[in-house]
Amino acid sequence: MLDCGGGSGSFAVPLAEAGAQVTVVDVSVDALATLRRRADEAGVAERVQPVQADVESLADAVPAGSFDLVLAHGILEAVDQVAPAFEAIAATVRSGGLLSVLVSNPVAGVLARALAGDVAAALRELRGLDADFSRPGPPAVQALCRSAGLLIEKVHGIGVFAELVPGSALDAPGALEALADLEAETSAREPFCDIASRVHILARRP
Ligand SMILES: C[S@@+](CC[C@H](N)C(=O)[O-])C[C@H]1O[C@@H](n2cnc3c(N)ncnc32)[C@H](O)[C@@H]1O
């Protein structure tokens, strides 16, 4: 599998421990050094291959159409040009393989500011959504998946309520467990999943 912008290995190392052979592409030398150390400590160095490269020139770094599973978690927010970077990432998924995208949801920022009482900031944030095309929200990512020929299999929200509930409310007995249940029951249910702070999209190349 391939982890694009895999950084210091928060996904790659546990997946290698579970038996996967993971190629991690990241532009940061420091992140890759941490990845090597963590993979060593976990005893999975031989199953983790760090590659220093920019995902925008991924075709020069890894073979196209050759990975069963490709992760693009938290990377689309970091690249300069979203559409070409996405195309390069999607091109690495083999036929029948899966692309897993984790993307932050700009809508959640508007909601969080309004609920915190800063209505002016919420309005600025809302207007920014329409003006800033460099921030790829979940609907834009789903459109990119479709135009890359991928079929969307699952969409679910991560952190629907977690960042909206005041921390003090979680001190009450049973509140943390109730929040976990609330998250589990709303993560794939509209309209709740549309306001989650991050959205996970799973798409398959037919
Ligand atoms: C927010 S972190 C996400 C790390 C990891 N995927 C996760 O979800 O925990 C973004 C990572 O992308 C890397 N990155 C940013 N721009 C990149 C680019 N153009 N090409 C490759 N990696 C990039 C950063 O070095 C960083 O490690």
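Okay, here's what the table says:
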| read-out | value |
| --- | --- |
| Criterion: in a loop (DSSP other than H, G, I, E, B) and touching a strand residue (DSSP E or B) at 6+ places or on another chain (Cβ under 8 Å) - qualifying residue of A16, A20 | A20 |
| Residue check for P136: out of contact with any Lys or Arg (no Cβ under 8 Å at 6 or more places or on another chain), in contact (Cβ under 8 Å) with a residue 24 or more places away in the chain, loosely packed, with under 14 Cβ neighbours inside 10 Å and under 30 Å from D68 (Cα atoms) | no |
| Region 156-206, residues that are among the hydroxyl-bearing types (S, T, Y) and either open to solvent by 80 Å² or more (accessible area, probe 1.4 Å) or touching a Ser or Thr at 6+ places or on another chain (Cβ under 8 Å) (or both) | S168, S197 |
| Index of the failed condition, P50 passing every other in (1) within 14 Å of the ligand (Cβ to nearest atom); (2) modelled with pLDDT under 95 | (2) |
| Hits in region 90-116 (condition: open to solvent by less than 20 Å² (accessible area, probe 1.4 Å) and near the ligand (Cβ under 10 Å from one of its atoms)) | L102 |
| Residue satisfying all of: in region 1-28; within 9 Å of the ligand (Cβ to nearest atom) and surrounded by fewer than 16 Cβ atoms within 10 Å (Cβ to Cβ); nearest to G74 (Cα to Cα) among these | S10 |
| Matching residues, region 101-120, being touching a residue at least 12 places away in the same chain (Cβ under 8 Å) and either among the basic types (K, R) or over 18 Å from G167 (Cβ atoms) (or both) | V101, L102, V103, S104, N105, P106, V107, G109, V110, R113 |
| Flag if E56 is more than 14 Å from the ligand (Cβ to nearest atom), of a type outside the set (G, A, S) and surrounded by fewer than 23 Cβ atoms within 10 Å (Cβ to Cβ) | no |
| Spans of helices (runs of 4 or more DSSP H) in region 118-206 with at least 3 residues among the charged types (D, E, K, R) | 119-131, 175-186 |
| Condition broken by V160, with the remaining ones in (1) more than 30 Å from A16 (Cα to Cα); (2) more than 16 Å from the ligand (Cβ to nearest atom) satisfied | (1) |
| Those residues of region 62-86 which are of a type in the set (G, A, S), open to solvent by less than 40 Å² (accessible area, probe 1.4 Å) and part of a helix (DSSP H, G or I), in sequence order | A85 |
| Selection within region 38-53 - open to solvent by 50 Å² or more (accessible area, probe 1.4 Å) and in a helix (DSSP H, G or I) | R38, D40, E41, E46, R47 |
| Residues (of a type outside the set (V, I, T), crowded, with 17+ Cβ neighbours inside 10 Å and within 17 Å of the chain's Cα centre (by Cα)) located in region 141-155 | Q142, L144, C145, L150 |
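The values are calculated or read from the model by the stated rules, or taken from the named source; none is laboratory data. Predicted, not measured: the structure shown is a model, and the values here were computed from it. All Cβ positions, glycine included, derive from the backbone under ideal geometry; neighbour counts span all protein chains shown. Side chains included, ligands, DNA and RNA excluded: accessible areas come from the protein's heavy atoms. Shrake-Rupley method; radii C 1.70, N 1.55, O 1.52, S 1.80 Å.
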